[in-house]
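A.B. asks: Dumping the structure here so I can ask a few things about it.
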Amino acid sequence: MGSSASKAALGATTDEPTEPEPKHLADLVQYINETNMSVERVADVLSEKSRSSSWVVVFKALVTVHHLMVHGNERFIQHLASRDSLFTLHYFLDKSVLEGYTMSTFIRRYGRYLNEKSLSCRLITSDITKAKRGTGGLMRAMDTQQLLNTLPVIQIQLDALLNFNASPDQLTNGIIHAAFVLLFKDSVRLFAAYNEGILCLLDKYFTMRKSQCNESLDIYTKFIARTTKLAEFLKVAEQVGIDQKDIPRLIQAPHSLLEALKQHLASLEEKNESLPPYSLQQAWIPHRPNNAVVKASTSRTWFSALHAQVRKCIGARQQDLNSGESPVNKSDKKQPKPSDTDIAGGMQWELNTYTCTSTIWKRVSTPPVHHLELPPGVYPVTLEQEPTYGMGFCCYFILFCFICHFAVWDHFHSSLSRHNPCRSTKAQIFRFRGEKGR
């Protein structure tokens, strides 16, 4: 490692309670970006500084590492991701000064986020905050199973970021403020990739298997909760002086969309539970229009229309993004194209009032089902036919046996009366009693 880079790493992690000097950070970024030398020595020096007992030195080392992750070449974070362990700060506590107690809490949270960021890079094989978005981007190139594997990784990283949870009153020095600014940049880019992945998942939802729909619904439910938490995080960013032009506006999807996804999953479960096997289906006489087959067919018709509406909304949203128009207000066409801090489609909130400022997610109307045609060859008995066999035949047969029994009984007693008059009298009495009992 060059002497200039070594001096810059040491100069950025002094024990002065101020943020790392921009000059030292710029030298480190230039060293990583413009040379082919190994970044291992830089990582070793900063990792050693993170094991100091002073909260100032440790915090500045973490800020320097994060700065190189955000502004440096991606090979730096890939090297960190290849290590077995990075920052072990779970029990860090600086008791030497009063401020050390408060700052130690944020150091532990900050170190956990940087660990999760490195781990995400290892699992996804790239830094998701720097991945290409839009047409030909990373998320749009993934199939269903890849999205189901990738989105939970992004969720964990976003959870660690939002867990920093600093209020404006707690950003009392330049070091923690510098850390918060870097977290803000990551939050915007990370949520943009997260949001794009959710849109791709919704686009594939109505063609998934039941198990995949169940997993996708869980992912989308967690996405809604994280959108609310991110809105609170961005509210803090607005209060600490970050330019409002860099703060995206988030719009929450309507509750009806979540209900529609739940109903589609319920229809798949109802279909699997209600339909009998094919061998029994041939002999099954369905009830009138409330049978499960009619319900399943109606559900498929309803959700096919809903799927078309969702795809139309997503397509319009992505078209607005690609054309550089603001998805909130089309009168803003004079503004420049969205930067990396813009959310790539999806949910937007107005941070000042927390009210919806866009109509991209409209309520989807339920199309009426005027006529339902059942597929031919599956149901041997139509809905207008009435069965004339089965229980009716059994009743006629039992009645026939009952009549034959009494005809034989009457003939037997008539023959006895002709040969024995006494027994004939007893038989008549017996028959009289039997008829009275009947």
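The values are calculated or read from the model by the stated rules, or taken from the named source; none is laboratory data. None of the values given here were measured: they were computed from a predicted structure. Positions of Cβ are generated from backbone atoms using ideal geometry, with glycine treated the same way; all protein chains shown enter the neighbour counts. For the accessible areas, the whole protein counts, side chains as well, though only heavy atoms, and no ligand, DNA or RNA atoms are used. Shrake-Rupley method; radii C 1.70, N 1.55, O 1.52, S 1.80 Å.
A.B. asks: Taking square-rooted eigenvalues a ≥ b ≥ c of the alpha carbon gyration tensor, is the stretch 128-268 rounded, prolate or oblate, where a/c under 1.5 means rounded and, failing that, a/b exceeding b/c means prolate?
C.D. replies: Details: a/c = 2.52, a/b = 1.94, b/c = 1.30.
Prolate, because a/c is 1.5 or more and a/b exceeds b/c.
A.B. asks: Still on this structure, I have one more. Could you calculate the contour length gain from MET37 to HIS79, that is, 0.36 nm times the residue separation minus the distance between their Cα atoms, to one decimal place in nm?
C.D. replies: Numbers: separation 42, 0.36 × 42 = 15.12 nm, distance 1.27 nm.
Between MET37 and HIS79, full extension yields an extra 13.9 nm.
A.B. asks: Hey, quick one: spin label on LYS132, modelled 7 Å out along Cα-Cβ, who in the stretch 176-191 has an amide N within reach, i.e. under 20 Å?
C.D. replies: 189-191
A.B. asks: Using modelled backbone amide H atoms (1.01 Å from N, in-plane), which distant-in-sequence or interchain residues come within less than 5 Å of LEU250's amide H?
C.D. replies: Answer set, sorted by chain and number: TRP349, GLU350, LEU351.
A.B. asks: Need the full-extension length gain, LYS262 to ASP218, defined as separation in residues times 0.36 nm minus the C-alpha distance. One decimal, nm. Working shown, then result.
C.D. replies: Values: separation 44, 0.36 × 44 = 15.84 nm, distance 1.01 nm.
Once the chain is fully extended between LYS262 and ASP218, it gains 14.8 nm.
A.B. asks: In terms of solvent-accessible area of protein heavy atoms at a 1.4 angstrom probe, what is the ranking of LYS204, LYS117, highest value first? Please report the intermediate quantities before stating the final value.
C.D. replies: Details: LYS204 60, LYS117 5 Å².
If we order LYS204, LYS117 from most to least accessible, we get LYS204, LYS117.
A.B. asks: Sort HIS71, HIS79 from largest to smallest accessible area, using a 1.4 Å probe on the heavy atoms of the protein chains. Mind showing how you got there, number by number?
C.D. replies: Values: HIS71 75, HIS79 40 Å².
So, going from the largest accessible area down, we get HIS71, HIS79.
A.B. asks: Heavy atoms of the protein only, probe of 1.4 Å, neighbouring chains included. What is the accessible area of THR125 in Å², nearest 10?
C.D. replies: 100
A.B. asks: Roll a 1.4 angstrom probe over the protein heavy atoms and tell me the percent of accessible area of the stretch 128-268 that is carbon or sulfur.
C.D. replies: Numbers: 2610 of 5350 Å².
The nonpolar share, carbon plus sulfur, comes to 49 percent.
A.B. asks: Under a 1.4 Å probe, what is the accessible area of the stretch 128-268 per residue, stated in Å²?
C.D. replies: Working: 5350 Å² over 141 residues.
Spelled out: the 1.4 Å probe surface of the stretch 128-268, per residue, equals 38 Å².
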